[in-house]
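Just below is one structure, and these are the notes that go with it.
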Number of protein chains: 2
Amino acid sequence: MAFSTSDIAHLTALACQAADAAAVETLRHFRGADLSADNKRTSGFDPVTVADRAAEAAIRAVVEDARPNDAILGEEEAGKAGTSGVQWVIDPIDGTRGYISGTPTWGTLIAVSDDDGPQIGLVDQPYIGERFIGTPDGAVMVRHGAEIPLAVSPTRALEDAILFSTFPEVGSQGERTGFEAVAQRCKLVRFGMDCYAHALLAAGHVDLVIEAGLAPYDVGAPIALVKAAGGIATNWAGDDAHHGGQLILAATPDLHRAALDILRPFAHG
Amino acid sequence: MAFSTSDIAHLTALACQAADAAAVETLRHFRGADLSADNKRTSGFDPVTVADRAAEAAIRAVVEDARPNDAILGEEEAGKAGTSGVQWVIDPIDGTRGYISGTPTWGTLIAVSDDDGPQIGLVDQPYIGERFIGTPDGAVMVRHGAEIPLAVSPTRALEDAILFSTFPEVGSQGERTGFEAVAQRCKLVRFGMDCYAHALLAAGHVDLVIEAGLAPYDVGAPIALVKAAGGIATNWAGDDAHHGGQLILAATPDLHRAALDILRPFAHG
């Protein structure tokens with residue numbers, strides 16, 4: 001199925017309503033003295049905060065109330081099956097490490113998918129007050145009530161590219177080798193922005209994003225957003241990336257091909 | 001000389017006025033299509049933008065008009081000698097790499113020093129709308145017209161610490177070895193926030209910052225801000241850090257000592 005124009009308007013408005021509900025919870029705890037973190041994994045540091053769980057519950061409540069037959073895949077709670085053919089893919093706080101550090105570059109990710117993957121994607125940064133929205137009709141950033149159209153950069157060569165990644169913190173040794181082979185050819189490499197870097201790619205400021213070890217809820221919204229802004233999104237094998245794992249986001253087909261040529265030997269899955 | 005209470009009020013107000021003038025220039029070009037970058041150094045990538053130069057000129061104009069006898073040390077123009085015993089230390093855009101990438105974690109740094117080093121420090125992030133101010137009277141963040149008092153965290157052990165750095169991009173191999181020896185003991189390590197991480201340390205969200213290869217104009221404002229919020233600032237030898245080079249910012253004396261013990265063998269200068 002493909003979403004109709006009225007589907008897109010309705011689903012996008014609902015996604016914005018859900019993001020508003022999530023923001024109440026994320027902002028209630030951001031930089032708060034009460035912020036506690038515990039470990040989801042026995043190795044490494046992956047904090048889950050009260051805010052994370054409350055924000056996902058808020059998003060689910062909005063979606064389930066309006067569309068009880070949609071499927072929901074989230075980070076914090078068990079997945080919910082649906083009958084409508086529409087799936088919501090949500091990460092209440094992408095970048096929890098940044099969130100607990102006080103950096104305002106975490107985001108709430110909300111995607112709406114059909115059988116072909118994510119079609120609508122929101123990356124919401126409520127502390128700064130920026131909402132990046134991608135749909136089949138295009139991409140915009142909403143800030144201070146104004147809509148600013150988004151489009152990827154025209155950058156075609158690695159040598160001219162600004163590359164962002166959550167690396168060096170994420171990925172296997174092999175993935176890191178592949179990443180570094182791309183990175184050493186780029187004009188500039190920066191780390192630590194999580195989903196915010198994906199939004200900046202849609203906005204034309206960043207040219208290339210390379211990630212690994214992602215979950216499906218990490219990638220749905222960024223993929224829809226970047227594609228809506230004219231960019232390319234695949235995994236390191238050049239296939240659909242919305243199941244998670246390895247990710248390439250690129251501003252142009254040439255830039256995507258240049259990165260893919262280097263990363264393909266390190267592709268898995 | 002030490003600043004009197006009325007000196008502090010006057011100089012802080014003037015620093016805020018200068019930051020306002022700089023913000024007009026930095027925001028005029030931030031995320032603009034006209035943003036051009038050229039290389040200051042033959043090796044590496046250190047963009048200088050039109051905004052950088054215009055913002056420094058704006059700060060200097062405010063300071064020179066009000067206090068013609070003060071010395072000025074900035075990033076973009078030649079230093080100016082003074083006769084008053086007061087020196088302004090300014091970096092119009094700290095984090096130019098982040099600035100040209102569209103990330104809102106660059107800052108305008110303005111410090112006011114006496115013979116003992118920086119006493120007043122501003123870290124201004126005008127896109128987000130946050131101004132971090134440290135003086136001998138304390139530290140605050142101003143946002144949406146409200147003043148929020150700042151204080152460093154009580155974190156005493158590396159194992160409980162959130163560490164930020166511009167590393168892995170900056171520093172010699174030896175410095176990197178020292179940094180990594182500290183990093184592997186910390187709870188969480190994040191990169192790429194430039195001066196914004198220093199402000200988050202003053203605000204109690206980040207516990208430790210380790211940097212190297214800094215210029216005097218990079219460190220003046222952060223040092224004054226972090227000290228005003230109750231933190232410690234030295235170089236890797238445990239001495240005054242305001243001449244630039246290697247920097248440790250720590251929330252508590254215990255945490256500072258733990259980092260210093262590891263970094264001291266890598267100290268130079």
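Points to keep in mind about this one:
- Principal-axis analysis of the Cα atoms of chain B puts helix B:173-183 at an angle of about 70° to the longest axis.
- Each copy carries A:S4; placing its label point 7 Å along the C-beta direction from Cα gives inter-copy distances of 7.7 nm, listed from smallest up.
- Alpha-carbon centroids, the stretch A:66-97 and the stretch A:184-262: separation in whole Å: 22
- The residues of the stretch A:98-135 listed by number as losing at least 50 Å² of accessible area in the complex, against the isolated chain and with a 1.4 Å probe, are A:S101, A:T103, A:Y127.
- Heavy-atom surface of the protein assembly as shown, accessible at 1.4 Å and reported per residue (Å²): 37
- At a threshold of 20 Å², the residues of the stretch B:183-218 that become less accessible to a 1.4 Å probe in the full protein assembly than in their chain on its own are B:K187, B:L188, B:R190, B:F191, B:G192, B:M193, B:Y196, B:L200, B:H205.
- The interface between chain A and chain B buries about 2800 Å² of solvent-accessible area in total (1.4 Å probe, ligands and nucleic acids excluded).
- In this assembly of identical copies, the label point of A:D239 (Cα plus 7 Å along Cα-to-Cβ) is separated from its counterparts by 6.0 nm, sorted shortest first.
- Among the protein heavy atoms of chain A, carbon and sulfur supply 50% of the accessible surface, probe 1.4 Å, non-protein parts ignored.
- Listed by chain and number, the aspartates and glutamates placed with their C-alpha closer than 15 angstrom to that of A:K187 are A:E159, A:D160, A:D207, B:D38, B:D46, B:E169; residues fewer than eight positions away on the same chain are left out.
- Mean projection area, nm², convex hull over Cα of the protein assembly as shown: 23.5
- Computed over chain A: relative contact order in percent, which uses C-alpha pairs under 8 Å that are six or more apart: 16
The values are calculated or read from the model by the stated rules, or taken from the named source; none is laboratory data. All of these numbers come straight from a predicted model, not from anything done at the bench. Glycine also receives a Cβ, built like all others from the backbone with ideal geometry; neighbour counts cover every protein chain displayed. Only protein heavy atoms, including side chains, enter the accessible area calculation; ligands, DNA and RNA are left aside. Shrake-Rupley method; radii C 1.70, N 1.55, O 1.52, S 1.80 Å.
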